[in-house]
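In what follows, a single structure is set out as structure tokens and then discussed.
The values are calculated or read from the model by the stated rules, or taken from the named source; none is laboratory data. Note that the coordinates shown come from a computational prediction; the quantities given were computed from them, not determined experimentally. Here Cβ is always computed from backbone atoms with ideal geometry, including for glycine, and neighbour counts include all displayed protein chains. Just so you know, the surface numbers come from the protein's heavy atoms only, side chains and all, with ligands and any DNA or RNA stripped out. Shrake-Rupley method; radii C 1.70, N 1.55, O 1.52, S 1.80 Å.
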Amino acid sequence: MILFKLNLLRLNREMILFLAAQVKTKCCLNFVLQRLVAKKVFKMQTLILASTSPYRRELLSRLGLDFEQANPLTDESPLPGESPEALSLRLAEAKARAVANQFPEALIIGSDQVATVDGKIYGKPGDHANATAQLRELSGKTVNFYTGLCLFNARTGQAEVRGVPTLVTFRQLNDAEIEHYLSREPAYNCAGSAKSEGLGIALLESIRGDDPNALIGLPLIALCSMLRKQGVNVL
């Protein structure tokens, strides 16, 4: 019995010493990591959203990551013969690169969306008359809201670009519905003249796509994948 108690005490002592060693090792690793960060040997990259859009800001904030916003000041005019999809991809990367000089060590997110039917681009209407005309024209049609996404590593010069399509079919709309909608939700700063995240959902027949966030302007599923490749795990 005495021998059993001695062995038990010895086992407990060895376990305590083992746990202490583990804690010490972890503390040492944390200390080394803190020193490396302090000396800028290892530095977490700043995340930049190259957009002033409040919708994209709200979407990105859902990931719980610290980030800053910057205005990319990019010419969004299409090139001669450029398809809507190619335009969206080019502008997404151009926006990200446009702020790289301000943030040479950052991971920069650029995004651009075009609304297109049969090659025709529908931009932001800007006022009531244009929004009314857009909704009349899009009534009963399926619109491709194509979102270009770029994650640019300004430190390495590496850029990843993806396109995420979302097919939105509008109901057959009458003038009274269009007028009533715009009076309640004047979506003058939205391509297609409707906010799917708001009352505009009542104008639609269906939405088909891989990521519901893409329609609002920032495909979070694709972005999380891009961030993981750069060593940023949201979870």
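Read through the list (1) of a type in the set (A, V, I, L, M, F, W, C); (2) open to solvent by 20 Å² or more (accessible area, probe 1.4 Å); (3) under 20 Å from Thr52 (Cβ atoms); (4) touching a residue at least 60 places away in the same chain (Cβ under 8 Å), then give the number of the only condition that Leu89 fails. For Leu89, the failing item is (3). Note on the range 47-64: residues that are exposed (fewer than 15 other Cβ atoms within 10 Å of the Cβ) and either in a strand (DSSP E or B) or touching a strand residue (DSSP E or B) at 6+ places or on another chain (Cβ under 9 Å) (or both) amount to 1.
Screening the candidates Val168, Val232 for the property of being of a type in the set (Val, Ile, Thr) and open to solvent by less than 20 Å² (accessible area, probe 1.4 Å) yields one hit, Val168. Of the residues Gly163, Gly192, Gly148, the single one that is modelled with pLDDT under 95 and either open to solvent by 20 Å² or more (accessible area, probe 1.4 Å) or not acidic (Asp, Glu) (or both) is Gly192. In this structure, is Ser88 of a type in the set (Gly, Ala, Ser), in a helix (DSSP H, G or I) and closer than 22 Å to Asp75 by Cα? When the stated conditions are applied, Ser88 passes them. Applying the criterion of being touching a residue at least 40 places away in the same chain (Cβ under 8 Å) and open to solvent by 30 Å² or more (accessible area, probe 1.4 Å) to the residues of the range 198-211, the residue that is farthest from Asn153 (Cα to Cα) is Ile207.
Which condition from (1) at pLDDT 95 or above; (2) more than 30 Å from Val168 (Cα to Cα) is the one that Lys24 breaks? In the conditions (1) at pLDDT 95 or above; (2) more than 30 Å from Val168 (Cα to Cα), Lys24 misses (1) alone. So, Glu177, is that one touching a helix residue (DSSP H, G or I) at 6+ places or on another chain (Cβ under 8 Å), modelled with pLDDT under 95 and not small (Gly, Ala, Ser) or not? The answer is no for Glu177. Restricting Asn101, Asn144 to residues that are more than 18 Å from the chain's Cα centre (by Cα) and without any contact (Cβ under 8 Å) to a residue 12 or more places away in the chain narrows the list to Asn101.
Every test in (1) farther than 23 Å from Gly192 by Cα; (2) touching a residue at least 24 places away in the same chain (Cβ under 8 Å); (3) among the β-branched types (Val, Ile, Thr) is passed by Thr156 save one, and that test is (2). Checking each residue in the range 104-141 for being touching a residue at least 60 places away in the same chain (Cβ under 8 Å) and of a type in the set (Asp, Glu) picks out Glu105, Asp127.
The selection criterion, being in contact with a strand residue (DSSP E or B) (Cβ under 6 Å, 6 or more places away or on another chain), closer than 27 Å to Gln69 by Cα and open to solvent by less than 10 Å² (accessible area, probe 1.4 Å), holds for Leu107.
In summary, Arg155 fulfils each of the numbered conditions (1) of a type outside the set (Asp, Glu); (2) assigned to a loop (DSSP other than H, G, I, E, B); (3) open to solvent by less than 40 Å² (accessible area, probe 1.4 Å) with the single exception of condition (3).
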